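What follows is one structure encoded as C-alpha cells, with my remarks underneath.
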Amino acid sequence: MASSPSLLFAAAVITLTLLFAYSAKLPFHPRDVLPLLPRQVSWPILNSLHGAVDLLPTFVGSASSPNDSLEWKGACFYQNTAWMEFHNKSGSEFGGGTLHIKVDKAHSWTCMDIYVFATPYTVTWDYYFLSREHTLEFKEWQGKAEFEYVKNRGVSIFLMQAGMLGTLQALWDVFPLFTNTGWGENSNIGFLEKHMGASFHQRPQPWVTNISVDDIHSGDFLALSKIRGRWGGFETLEKWVSGAYAGHSAVCLKDSEGNLWVGESGHENEKGEDVIAVLPWDEWWEFELNKDDSNPHIALLPLHPDIRAKFNETAAWEYARSMEGQPYGYHNLIFSWIDTIQDNYPPPLDAHVVASVMTVWNHIQPTYAANMWNEALNKRLGTQNLSFPDILVEVEKRGSSFDELLTVPEQDDWLYSDGKSTSCVAFILEMYKEAGLFDPIASSIQVTEFTIKDAYMLKFFENNSSRLPKWCNDGDSVKLPFCQIKGKYRMELPEYNSMEPYSHMNERCESLPPKYSRSRNC
C-alpha cells in the first residue's frame, strides 16, 4: 500500500529532526512540532509521551537566600538556578521578596518550562521561554508567619515536567476519567492498565448473577469497582495511589427474621449527601442494577465458616445503627493511604505536591479543605482550629515536617466536629472489630489505617471453593476464589485472603506501583 503525502511529510520532518540532533542544537524538539503533524501520526505519539499523571507538578526544591541558591534540571532548560531576595519595597511590617530564577541551556528553540510557586499562604505560577534571569515578585508577606516560614524554608518550586503541550494533553487525558460515557470508561480502563498493570478480561454473559439471598450471611464483604462517571474517575485515582483493585465497599447483615440488609458508608441520601446507611438488600441491589450509572463491578466475599462463627451479629447491628446517618468519612480518607514519608507516593506525587494541592484548595474552597484534612491534621498535632497555613507553620516551629505529619496513624476513637469519621472500608472493619473478628488484638488495630486492599487481603474469607454458593461465578470458565455477581470484566483482587491480622497492622506500609510491595508486618 502506497504511503499518503501526509505520512511522507511526517517521515521527512522526523528524519530532519534526527539529523539535527547529531549535528547541532535543535531548532525545535520533536514534541514541539507534533501538533502540526497529521492527527493519525501525532496523537499516538502524544499519548505515549504524556498521560493524566503529567498534570502533577514535580517538586524541584525550595529557594531561600542568595547564599544557598537552588539548582536543578528542567524539562526545557537544563541549567537553572533560583534564590530569594528579601526587601521592603511596600513599606509593610514584614516586607516582601523577589524570587530570582535564572534559566539556561534550553534543549530547543521552541520549548518552555512551566512552574508553580507556593508558600503556605500563596500559590502562583509562571512560564519561561527565554534563556535569561527572570523574577517573580512577592509584594508583601501575609504576616509574620509567612515571613518566618519563607526565611527558614524558602518558596517551594514545582516543575510541570510535560511542558505546555504535555500539560494540555494530560488535561485531555484526565477529563474523560470523570465523564459518564463509553470514552470515559475506556479512559479509566486504559489508565489502570497503564499505571497499575490491571487487566480487564471480558466475562461470558450474563454479567449479572441470579443470586439466592439465603446463601449470603452477616459479615460477608461486598467489593465494588466503578469505572465511569464522577465516581469512576475518583476511584481510578484512589486505586492508583493505594494499590486497591476495588474502589468502594459495603457489608451484608441479616436481621433476626432472616432479612438481608446492606451497610454502606458513602450512600447518597435524598439531599445529595454521602452518609452511612443500612438498606434492604433488594433496594440496594436494584439501585446497583438499574440506577448506578458508574458501571459498578461487584464481588461478594463470603466469610470463612470459622470467622463467621466468631461474628457477633448483635454487636454488629448495634454498631451499624449507632453510625446510621453519620457523614461519610472524608476527614480520614487520605490518611489510610499515606503511611511513610516517601514510599506511598506514585511519581511524580510527593508530600510537597500534596501540600501545594491543599494550599490551592484552601484558597478556593476553605470549607471543603477544612472538612477533608484540616481537622485530621489538627488531631495529629494535638491542636484545635488551626488553618492549613497555620498547620504548616506549626510543624516548622516544632522542628518536624509536613511529610512526617501525614504519616501519623489515624486513631479509631478520634471524634470530629460531625462525629466519628469512617470511610466505606473503615465502617466495615470497625463493625468487624465490634463483632469480635480482630480479637484478641482488637485494641492494637486502627481500622482507619486500612485501605480497601488491606481489607480484602485479610485472612477472613472463604478459602474452599467447594463451599461457595452454587451460583457463584456461574457460567464463567474461570473460577475466582470469590463470587463476582455483576460486571462485564472479570474482577481481580491480588493477594486476596492472604494475611493474618497483627498488632498495629498497616500503620507503616509502602505502596508504590506497579507491584505495591509491602514490608513484613508493616
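The values are calculated or read from the model by the stated rules, or taken from the named source; none is laboratory data. What you see is a predicted model, and the numbers here were worked out from it, not measured in a lab. Cβ sites come from the backbone with ideal geometry, for glycine too, and all protein chains shown count toward neighbours. Each accessible area value is taken on the protein alone, full model and side chains, heavy atoms only, with ligands, DNA and RNA left out. Shrake-Rupley method; radii C 1.70, N 1.55, O 1.52, S 1.80 Å.
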For Q142, work out the one condition from (1) at pLDDT below 90; (2) part of a helix (DSSP H, G or I) it doesn't fulfil. (2)
If I go through the range 279-295 residue by residue, how many of them are open to solvent by 60 Å² or more (accessible area, probe 1.4 Å) and either over 28 Å from the mean Cα position of the chain (by Cα) or not basic (K, R) (or both)? 7
Can you confirm whether the range 427-434 contains a residue that is outside the structural domain of I298 (by the TED database), open to solvent by 30 Å² or more (accessible area, probe 1.4 Å) and closer than 20 Å to F311 by Cα? yes
For the range 378-413, what are the residues that are touching a residue at least 60 places away in the same chain (Cβ under 8 Å) and aromatic (F, W, Y)? F388
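Yes or no: E270 open to solvent by 30 Å² or more (accessible area, probe 1.4 Å) and in a helix (DSSP H, G or I)?
Working: open to solvent by 30 Å² or more (accessible area, probe 1.4 Å): yes; in a helix (DSSP H, G or I): no.
No; evaluated as a whole, the condition is false for this residue.
Inspect the range 343-355 for any residue being of a type in the set (S, T, N, Q) and open to solvent by 20 Å² or more (accessible area, probe 1.4 Å) and give the result as yes or no. Talk me through it step by step, then tell me what you get.
Within the range 343-355, the subset of a type in the set (S, T, N, Q) is 344.
Now restrict to residues that are open to solvent by 20 Å² or more (accessible area, probe 1.4 Å): none.
The answer is no; no qualifying residue exists.
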Boolean, L222 is under 29 Å from K459 (Cα atoms), open to solvent by less than 30 Å² (accessible area, probe 1.4 Å) and in contact with a Ser or Thr (Cβ under 9 Å, 6 or more places away or on another chain): yes
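Under the condition of being part of a helix (DSSP H, G or I) and either touching a His at 6+ places or on another chain (Cβ under 6 Å) or open to solvent by 40 Å² or more (accessible area, probe 1.4 Å) (or both), which residue from the range 393-412 is modelled with the lowest pLDDT?
Of all residues in the range 393-412, those part of a helix (DSSP H, G or I) come to 393-397, 402-406.
Imposing the further condition that a residue be either touching a His at 6+ places or on another chain (Cβ under 6 Å) or open to solvent by 40 Å² or more (accessible area, probe 1.4 Å) (or both) reduces the set to 394, 396-397, 404.
Details: E394: 92, E396: 85, K397: 89, E404: 93.
It comes out as E396.
When you look at L253, is it in contact with a strand residue (DSSP E or B) (Cβ under 8 Å, 6 or more places away or on another chain) and open to solvent by less than 10 Å² (accessible area, probe 1.4 Å), yes or no? It would help to see each step written out before you state the result.
Numbers: in contact with a strand residue (DSSP E or B) (Cβ under 8 Å, 6 or more places away or on another chain): yes; open to solvent by less than 10 Å² (accessible area, probe 1.4 Å): yes.
Yes; evaluated as a whole, the condition is true for this residue.
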Conditions: (1) over 29 Å from Y516 (Cβ atoms); (2) of a type in the set (A, V, I, L, M); (3) crowded, with 21+ Cβ neighbours inside 10 Å. L415 meets all but one. Number of the miss? (3)
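Please work out which residue is nearest to H217 (Cα to Cα), limiting yourself to the range 455-482 and to residues that are of a type in the set (D, E, K, R) and either in a loop (DSSP other than H, G, I, E, B) or not assigned by the TED database to the domain that holds S242 (or both).
From the range 455-482, those of a type in the set (D, E, K, R) are 459, 462, 467, 470, 474, 476, 479; that's our starting set.
Filter once more, keeping what is either in a loop (DSSP other than H, G, I, E, B) or not assigned by the TED database to the domain that holds S242 (or both): 459, 462, 470, 474, 476, 479.
Details: K459: 17, E462: 12, K470: 15, D474: 19, D476: 23, K479: 21 Å.
Within the range 455-482, the match that is nearest to H217 (Cα to Cα) is E462.
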Those residues of the range 303-349 which are polar (S, T, N, Q) and not in a loop (DSSP other than H, G, I, E, B) amount to T314, S322, N332
Restricting the range 483-496 to residues that are assigned to a loop (DSSP other than H, G, I, E, B) and in contact with a helix residue (DSSP H, G or I) (Cβ under 7 Å, 6 or more places away or on another chain), the one farthest from L300 (Cα to Cα) turns out to be E495
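Quick check on this structure: which one of P494, P440 is free of Cβ contacts under 8 Å to residues at least 12 places away in the same chain, surrounded by fewer than 17 Cβ atoms within 10 Å (Cβ to Cβ) and either touching an Asp or Glu at 6+ places or on another chain (Cβ under 7 Å) or not polar (S, T, N, Q) (or both)? Before the answer, list the steps.
On the way: P494 fails: free of Cβ contacts under 8 Å to residues at least 12 places away in the same chain.
Going through P494, P440 in turn, the sole match is P440.
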For the range 244-251, check the following and say yes or no: at least one residue is part of a loop (DSSP other than H, G, I, E, B), at pLDDT 90 or above and in contact with an Asp or Glu (Cβ under 6 Å, 6 or more places away or on another chain). yes
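Determine whether Q169 is modelled with pLDDT under 90 and assigned to a helix (DSSP H, G or I). Lay out the reasoning, then the answer.
Numbers: modelled with pLDDT under 90: yes; assigned to a helix (DSSP H, G or I): yes.
For Q169, the condition - modelled with pLDDT under 90 and assigned to a helix (DSSP H, G or I) - is met.
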Residues being touching a helix residue (DSSP H, G or I) at 6+ places or on another chain (Cβ under 6 Å) and open to solvent by 30 Å² or more (accessible area, probe 1.4 Å): count how many of those fall in the range 307-342. 3
Residues being closer than 21 Å to H267 by Cβ and either in contact with a Lys or Arg (Cβ under 8 Å, 6 or more places away or on another chain) or in a loop (DSSP other than H, G, I, E, B) (or both) - total across the range 418-447: 5
Here the residues within the range 443-469 that are free of Cβ contacts under 8 Å to residues at least 24 places away in the same chain and of a type in the set (D, E, K, R) are none
